[in-house]
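Engineer: Can you read through this structure? Questions will come right after.
The values are calculated or read from the model by the stated rules, or taken from the named source; none is laboratory data. Since this is a predicted model, take the numbers as computed values, not measurements. With ideal geometry, Cβ positions are generated from the backbone for all residues, glycine too; neighbour counts draw on all protein chains shown. Heavy atoms of the whole protein, side chains included, go into the accessibility calculation; ligands, DNA and RNA do not. Shrake-Rupley method; radii C 1.70, N 1.55, O 1.52, S 1.80 Å.
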Amino acid sequence: MVQSSVLGFPRMGVLRDLKKANEAYWADKISQEALLAEGKRLRLAHWKIQKDAGVDIIPSNDFAHYDHVLDHIQLFNAVPERYTSQKLSPLDEYFAMGRGHQKGGVDVPALEMVKWFDSNYHYVKPTLQDNQTFSLAKDPKPVREFLEAKEAGFQTRPVLVGPVSFLALGKADRGSSVDPITLLDKLVPVYVELLKQLKAAGAESVQIDEPVLVFDLRPEVKAAFKPAYEAIAAAGDAVPKVIVATYFGDIVHNFDVLPAFSGAAGLHVDLVRNPEQLEPVLKQLGPNQILSAGVVDGRNIWKNDFAKSLEILQTAVKALGPERVIVATSSSLIHTPHTLASEKKLPSDVYEWFSFAVEKVKEVATLAKAVTEPDAVKAELEANAAAIKARTDSKRTNDPAVKERQAQVTPEQHNRKAPFNTRYAEQKKHLSLPLFPTTTIGSFPQTSEIRVQRNKFTKGEISAEEYERFIEKEIELAVKIQDELDLDVYVHGEPERNDMVQYFGERLNGYVFTTHAWVQSYGSRCVRPPIIVGDISRPAPMTVKESKYAASISKKPMKGMLTGPVTCLRWSFPRVDVHQSVQCQQLALALRDEVVDLEKNGIYVIQVDEPALREGLPLRKGQEREAYLKWAVDSFKLATAGVENSTQIHSHFCYSEFQDFFHAIAALDADVLSIENSKSDAKLLKVFIDEEYPRHIGPGVYDIHSPRVPTLEEFKQRIEEMLAYLKPEQLWINPDCGLKTRKWDEVKGALSHMVEAAKYFREKYANKA
């Protein structure tokens, strides 16, 4: 009998229940006991959903109040001393690592948070010391939650981040030089101890995630798998059966590692991302090993094509037999919304095209039955085929005018009118910017009042005129505060925008939108990605009205804010019937029209954000990566090259590790790059010197994900570090990212220190001159 399994389930709940509970706890509105009770309620509800759907293997320990990697940092007592020394409760220590802590006499920043592979989910990076030790936490979370499920009548399979991936995804702390992978011998015994406790609790099997197997691995990392998994196998029946899980790519290039897993019960592979790896993987399995076939997409929202999935599954069953095949999601479903049932406003003709987490769980169970008992699910198979055909035949997907415009794009449209030196001379004269210019990345706090008024407007409780006047008042407030702070380049604050991608999607043809399809990005931060269903075009200006008004009341240059074509694509749920390069070019053409219209209306600094550019980078070097960078860079340039030399183009990136593809960053030809950098080593900026980068750079000087307000001295120290790698005339001073999630008192405190630090260096270098 073919079994079914889910690698992980979304944590937030139907109505972002976990987000609301976490934030209530942080605001001292509910107790720790109430928060933990809400977590338990959600876990029980999610296990029941999967059991009721008929899933055979249900995950536990996939739930996290903030992040699953952060869970493991605390699980293995790998918490840096700057947190343990504060004597916080375990829960507050946990949140302090995730978001910082600045109250009750305790002041500690958060750990670094980075993207989880090529997704929009963020994980907290294990941060390790030269003298690092590991030990198992008392009352280990995986054991506790397994027993919680067992008591409620759910037999689950605990999920762990594997020892090699945990270390390979970590880093040395500042002041330490340890290569994390060299700590394996210290960490593996703790894993074995944890596995023994899980077996004693009644766990029959565990899922150990080793997603780094999709990377090109350093020899030291490759070599680590053998001793790690030999030690686990040596524990024999004292530990549960192990399923090693990989996802987000193929593992064929790392087949030389697979002998390390000879003692494992099976292997999970992602057959959505790389179905072609099936045949070679089948040949690599041991004589009794199980294949967990990831055929239900954990990263997108399209209904599974049962006919295609069954072809893959039947190939596996023919080679292994039904007892050695598990039908599974390709990855955890954390990257998908909770349930399609919550969507009451989707157009009726597209509703049946989609499948969210609850529906994907049912798909997994249906496919498992369909492999050997197709007649038992005949109605489901026929309904699925009809939905797939309806989408294929739909007129929504094709717009001849868009295709015609794409066919007319020329190479010249991708290039600015002059090189940077010529442009900058005109910009300097036009904008009158000082040395070390200060700015922000775009958004200001989305207060409860903004959300209330937006909700009223959406429900028709206030008129368009009333809402527009409210937005103008919020813009006036943002400009007034920037006047008081004495920033050099202003933003309008984006009070009218619900999300940096959804806002634009709502104003473009080719998208549809949801009301409750929230997906966790980090911690309590959720996004609601729009869905691309057809060819994309811009029927009217999208941001001109607000930017023009802001400029009319500002005494400093006003920056227009747009989300770039790659990020609009990556942070939407894209089509699967058209290559992403085609969709990205369509977005670029729409944004090109917007950029030109902003300039025509007096906006001469325009920021086109591309925080997802690196996220979209194929995980392995090679032809696929270079092809991606070519169309991604071309799309950005097509969107931004239509302006005059005197208009300054900015772009923003949520990372600072450019080494692997710096040539593409340079090729963007943006006048100013701002990058998330406050939690990274300033040495990473050395690449700008090594590559003789001529344009301007704004490395983030403070972490916007944390409510903590850095001191003036911290700002000065950070800028001093940056000046070791950047020329003074290159350096802009700005936060890491937008300030949407922060409160006004946090923003004013941090920005006042930031501006004061910039003025200090401005005066210092003016005296040198």
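Engineer: If you stretched the chain out fully between Y503 and Q284, how much longer would it get, using 0.36 nm times the residue separation minus the C-alpha to C-alpha distance?
Structural biologist: Details: separation 219, 0.36 × 219 = 78.84 nm, distance 4.71 nm.
Value of the extension gain: 74.1 nm.
Engineer: A follow-up question, please. Under 15 Å from a point placed 7 Å out from the Cα of A152 along the Cα-to-Cβ direction: which residues of the stretch 33-57 have their backbone N that close?
Structural biologist: Counting only backbone N, you get 35-53.
Engineer: How large are Rg and Dmax for the stretch 683-769 when only the alpha carbon atoms are used, in Å?
Structural biologist: Using the Cα atoms of the stretch 683-769, the pair Rg, Dmax is 13.6, 40 Å.
Engineer: I'd like the FRET efficiency for Y765 and D28, computed as 1/(1 + (r/R0)^6) with the beta carbon distance as r and R0 of 56 Å, rounded to 0.05. List each step's numbers first, then the result.
Structural biologist: Working: r = 44 Å, r/R0 = 0.79.
E between Y765 and D28, to the nearest 0.05, is 0.80.
Engineer: Next question, about the same structure. Taking 60 Å as R0, compute the FRET efficiency from the Cβ-Cβ separation of S646 and D375 and round it to 0.05.
Structural biologist: Values: r = 71 Å, r/R0 = 1.18.
The calculated FRET efficiency here is 0.25.
Engineer: Residues of the stretch 549-580 with the amide nitrogen closer than 14 Å to a label point 7 Å from the Cα of S432, along Cα-to-Cβ, please.
Structural biologist: 554-558
Engineer: Let me spell out the model: positive unit charges on the Cβ of Lys and Arg, negative unit charges on the Cβ of Asp and Glu, origin at the Cα centre of the chain. What dipole size does that give, in debye rounded to 20? Mind showing how you got there, number by number?
Structural biologist: Numbers: 97 positive and 105 negative charges, 127 e Å.
So the magnitude is around 600 debye.
Engineer: Also, I was wondering about something else. State the answer as a single residue: which of W116, M561, G54 lies farthest towards the positive end of the charge dipole of the chain, with beta carbon charges of +1 for Lys and Arg and -1 for Asp and Glu, about the Cα centre.
Structural biologist: Comparing the listed Cα positions along the dipole, M561 ranks first.
Engineer: If I fit a long axis through the Cα atoms of helix 744-768 and take the longest principal axis of the Cα atoms of the chain, what angle between them do I get, 0 to 90°, rounded to 10?
Structural biologist: That works out to roughly 60 degrees.
Engineer: Another question about this same structure. So what's the angle, to the nearest 10 degrees on a 0 to 90 scale, between helix 712-722 and the longest Cα principal axis of the chain?
Structural biologist: So the helix axis and the longest Cα principal axis differ by about 80 degrees.
Engineer: Give the calculated FRET efficiency between E466 and R625 to the nearest 0.05, with a Förster radius of 56 Å applied to their Cβ-Cβ distance. Before the final figure, lay out each step's value.
Structural biologist: Details: r = 50 Å, r/R0 = 0.89.
The formula returns an efficiency of 0.65 here.
Engineer: Shifting gears a bit: Dipole of the stretch 143-196, Cα-centred, from +1 at each Lys and Arg C-beta and -1 at each Asp and Glu C-beta, to the nearest 20 debye? Walk me through the numbers on the way to the answer.
Structural biologist: Numbers: 7 positive and 7 negative charges, 9 e Å.
Dipole of the stretch 143-196, to the nearest 20 debye: 40 debye.
Engineer: I need two numbers for the stretch 250-397: Rg to one decimal and Dmax as a whole number, Cα atoms only, in Å.
Structural biologist: 16.5, 52
Engineer: Using 0.36 nm per residue of separation minus the Cα-Cα distance, give me the extension gain between A234 and E484 in nm, one decimal.
Structural biologist: Numbers: separation 250, 0.36 × 250 = 90.00 nm, distance 6.59 nm.
Between A234 and E484, full extension yields 83.4 nm more.
Engineer: Moving on. 222 nm [θ] for the chain, helices only, -39500 (n - 2.57) per DSSP H run of 4+, per residue, to 500? Don't jump to the answer; show the numbers that get you there.
Structural biologist: Details: 27 runs with 320 residues, N = 769.
The helix-only estimate for the chain comes to -13000 deg cm²/dmol at 222 nm.
Engineer: Here is a further query. Going by accessible area, probe 1.4 Å, with all protein chains left in place, what is the ranking of D609, D256, D399, largest first? Walk me through the intermediate numbers first.
Structural biologist: Numbers: D609 15, D256 105, D399 50 Å².
My answer, sorted largest first, is D256, D399, D609.
Engineer: Measure nothing but the geometry: give the 0 to 90° angle between the long axis through the Cα atoms of 32-52 and the longest principal axis through the Cα atoms of the chain, rounded to 10°.
Structural biologist: Helix 32-52 and the main axis of the chain meet at about 60 degrees.
Engineer: Here is a further query. Regarding the chain, what's the average projected area of the Cα-atom convex hull, expressed in nm²?
Structural biologist: 31.6
Engineer: Can you tell me the length gained on complete extension of the stretch A172 to Q406, counting 0.36 nm per residue apart and subtracting the Cα distance?
Structural biologist: On the way: separation 234, 0.36 × 234 = 84.24 nm, distance 4.69 nm.
Between A172 and Q406, full extension yields an extra 79.5 nm.
Engineer: Which value in Å is the Kirkwood Rh of the stretch 136-197 over different Cα pairs?
Structural biologist: On the way: mean 1/r = 0.0742 Å⁻¹.
Averaging 1/r across every pair of different Cα atoms and inverting gives 13.5 Å.
Engineer: Another question, if that's okay. Please list, in order, the residues from the stretch 687-713 whose amide nitrogen is less than 12 Å from a point placed 7 Å along the Cα→Cβ vector of K727.
Structural biologist: Residues passing the 12 Å test: 689, 692-697.
Engineer: Still on this structure, please answer the following. Considering only DSSP beta bridges whose two residues both sit in the chain, what percent are antiparallel, to the nearest 5?
Structural biologist: Values: 13 of 65 bridges.
That works out to approximately 20 percent antiparallel.
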